[in-house]
Amino acid sequence: MPIFDGPNKTITLDPPTAGILLVSVQPDLYSAWKNWMRMGDNGKFLPAFRAAGGDDLTPGVQAGAYFFLRNDLGWRIISSDEDQTINYSGNLIGNDSSLPLILATPGRSVLHLGLQPVTQRVDEIITSQETASYNGTIWIDPLGPVSGTAYPAGTASTPVNNWTDADAIADLIGVENFRLRHLLVMPVDEVLNGYTISGDNPVNSQLHFQGGQCTGLSLTNLSFGGMMGEGFFTASQCITGALMNVDCGLFECTLNGPITLDANPSGTADISFMNCVSGFPGSSGLVIDCNGTTADIQFRNWSGGVTITNFTNPTSNMSLDSSQGTINLDPSCTAGLILVRGIGILNDNSGPGCTVVRDGLVEPRRIEMTLDHARAANQQTKEQ
């Protein structure tokens, strides 16, 4: 496996055998890089490759997989420190044709062969009809019988049964949209930046995360839970289970937590719960562990019981606009500003360092008292 140096943006190739090194671009470079990205916090580095496919070559025939080295971001390939000839097979192209792909190895005679601008393998060609049948989406059904990346795996009529193959097919045809049926457990530390994953409905489509990267990930119409990856993601019309490391914007979701927020989110967006409801019965409701997050938090048109814990960052602000329900502020809320508005019941047990402003909150009993007074006044007027 080549050595990837994220800070210096270099890829050092394996040593040759008898002066010859054979490099198959997809498994030896692109797939190796994707595996490296899943290790530790390597996902924080600028990407080394992008993949594309499906571009017209001639009428009715489209290209197979093309792998672009992100030389525009500074990535370069280096040979091992030996005299050698390197033969590349597959479609390796620089993202910027005006910049080099290779860094010379000082004092060595190294010949790089097979880096012509456009190459093509016949067995990688996908016809336009086949590409169109995906309709821009890779289908996944972990209960299905189909694996592998050969067409028609991943189409609506033939869903692929695992994420690794689905991701490879998406790279091959150049899409980032996935449709899920049944339960899918994501690989540990998977990189999901920029992907869109939707479900048939939140009951039949379920997703479990195990860390990684999820900047720009979009989830729709499914259930999900587990350890979220680093980065801000969005979800709409979903049902959540227990979630950890959450930095998100949730829209019209039912929350069956508990939910633990990301203590140090990388982005600048607020953690947002828009038109969301608690999926718990009773006044204690959903528990949201703020985990001392540095982010601001907003609830808009919140419905149901919610308990807020560990709101401890003095620079953080929370706006909690309730349409109905009970809001419980735990004693572990010891700093920051919490603004409570709307209609609901507030049980404020927060610590002395937490500033709670409730002027905009109207409790249901006060509404009922106001109505009772209005009814009494109206009755008195009638009697007079």
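The values are calculated or read from the model by the stated rules, or taken from the named source; none is laboratory data. Remember, predicted model here, so these are calculated numbers, not experimental data. Positions of Cβ are generated from backbone atoms using ideal geometry, with glycine treated the same way; all protein chains shown enter the neighbour counts. With ligands, DNA and RNA removed, areas are computed over all heavy atoms of the protein, side chains included. Shrake-Rupley method; radii C 1.70, N 1.55, O 1.52, S 1.80 Å.
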Legend entry - Test result for L29, in contact with a strand residue (DSSP E or B) (Cβ under 9 Å, 6 or more places away or on another chain) and farther than 18 Å from N95 by Cβ: no
Inset, instruction - Count, please, the residues in the stretch 266-308 that happen to be open to solvent by less than 20 Å² (accessible area, probe 1.4 Å), under 20 Å from L337 (Cβ atoms) and part of a strand (DSSP E or B). - result: 9
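Just the residues that are aromatic (F, W, Y) and either within 21 Å of the chain's Cα centre (by Cα) or at pLDDT 90 or above (or both), please, taken from the stretch 127-184.
The answer is W139, W163, F178.
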Inset, instruction - Go through T215, T196, T149 for me and flag whichever is surrounded by fewer than 22 Cβ atoms within 10 Å (Cβ to Cβ), closer than 19 Å to S266 by Cβ and among the hydroxyl-bearing types (S, T, Y). - result: T215
Legend entry - Residue list for the stretch 246-265, restricted to those being within 21 Å of G325 (Cα to Cα) and not in a strand (DSSP E or B): E252, C253, N256, G257, P258
Legend entry - Residues being under 19 Å from V277 (Cα atoms) and open to solvent by 10 Å² or more (accessible area, probe 1.4 Å) - total across the stretch 226-245: 7
Inset, instruction - Give L219, L250, L180, L243 a once-over and let me know the one that is of a type outside the set (G, A, S), within 23 Å of G40 (Cβ to Cβ) and out of contact with any helix residue (DSSP H, G or I) (no Cβ under 8 Å at 6 or more places or on another chain). - result: L243
Legend entry - Matching residues in the stretch 213-230 - criterion: being in contact (Cβ under 8 Å) with a residue 24 or more places away in the chain and in contact with a Pro (Cβ under 8 Å, 6 or more places away or on another chain): L222, S223
Legend entry - Among residues of the stretch 250-269, those that are within 21 Å of D200 (Cα to Cα) and out of contact with any Leu (no Cβ under 6 Å at 6 or more places or on another chain), counted: 6
Inset, instruction - Starting from residues that are open to solvent by 30 Å² or more (accessible area, probe 1.4 Å) and of a type in the set (A, V, I, L, M, F, W, C), keep the ones in the stretch 320-340 and report whichever is nearest to C276 (Cα to Cα). - result: L339
